[in-house]
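Following: one structure in structure tokens, then a few remarks.
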Amino acid sequence: MEILEPALDSDDSTELTPGKRRQSDQDETYVSEEEDIHSQKQSQRQSYVLKLFDRSVDLSQFDEDSPLYPICRAWIANQPKADYSKFGYDQPEDNEDIMTIDLPGPEGPPVSRIPELLPEQKAANKDNIDLEYTPSPSREQLLSSLQARWSAVREAWLQQSARAEARYEATQKILNKINVNST
């Protein structure tokens with residue numbers, strides 16, 4: 001990484017050239033104070049050019065609180081003299097034709113998305129484990145008991161999910177109306 005010495009911008013010369021004539025005070029257009037101050041800062045600012053991987057960017061045109069994205073864009077463009085000072089700042093747009101709707105919040109108290117334990121899980125106790133091994137169940141018995149258990153687990157999760165989503169029923173109705181009207 002290489003940082004070049006600060007130097008005054010040579011692009012902003014105020015000398016008159018033979019082809020240009022000076023405008024009289026009457027012909028001058030109104031320039032706001034903010035634009036005038038900005039142009040004076042531009043002409044008097046020092047360049048701090050950062051050269052990194054054969055690309056350079058003039059860091060003097062960015063404020064201390066400038067987002068990183070415009071600085072990276074200026075570095076990628078590899079044009080240190082270009083003015084990127086206002087790039088990246090959002091300008092409010094006056095779009096009166098945009099319709100917005102405030103959606104209602106969830107109804108009632110918060111509901112957990114995780115279901116309660118199944119009755120057989122509540123009854124199970126790690127201290128009360130049967131260590132007297134009975135003969136192992138057959139393949140069909142094991143499969144049917146596991147299918148019954150996991151179908152109960154799945155049903156518990158579906159019911160709990162329905163309870164959690166029921167809080168947002170009013171919002172869902174509004175979104176469905178918007179979706180139906182937009183197609």
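The values are calculated or read from the model by the stated rules, or taken from the named source; none is laboratory data. Being a predicted model, the structure only gives us computed values, none of them experimental. Neighbour counts are summed over all protein chains in view; Cβ atoms, including those assigned to glycine, are modelled from backbone coordinates with ideal geometry.
Applying the set (1) hydroxyl-bearing (Ser, Thr, Tyr); (2) under 30 Å from Gly105 (Cβ atoms); (3) touching a Leu at 6+ places or on another chain (Cβ under 9 Å) to Ser136 leaves exactly one unmet item: (2). The set of residues in the stretch 103-155 being in a loop (DSSP other than H, G, I, E, B) and small (Gly, Ala, Ser) consists of Gly105, Gly108, Ser112, Ala124, Ser136, Ser138.
Tell me which residues, restricted to the stretch 156-183, are in contact (Cβ under 8 Å) with a residue 60 or more places away in the chain and either assigned to a helix (DSSP H, G or I) or exposed (fewer than 13 other Cβ atoms within 10 Å of the Cβ) (or both). Those that are in contact (Cβ under 8 Å) with a residue 60 or more places away in the chain and either assigned to a helix (DSSP H, G or I) or exposed (fewer than 13 other Cβ atoms within 10 Å of the Cβ) (or both): Glu169, Ala170, Thr171, Ile174, Leu175, Ile178. Select from the stretch 67-81 the residues that are more than 17 Å from Gln46 (Cβ to Cβ) and assigned to a loop (DSSP other than H, G, I, E, B) and write down the one among them that is modelled with the lowest pLDDT. Restricting to residues being more than 17 Å from Gln46 (Cβ to Cβ) and assigned to a loop (DSSP other than H, G, I, E, B), the top hit is Gln79.
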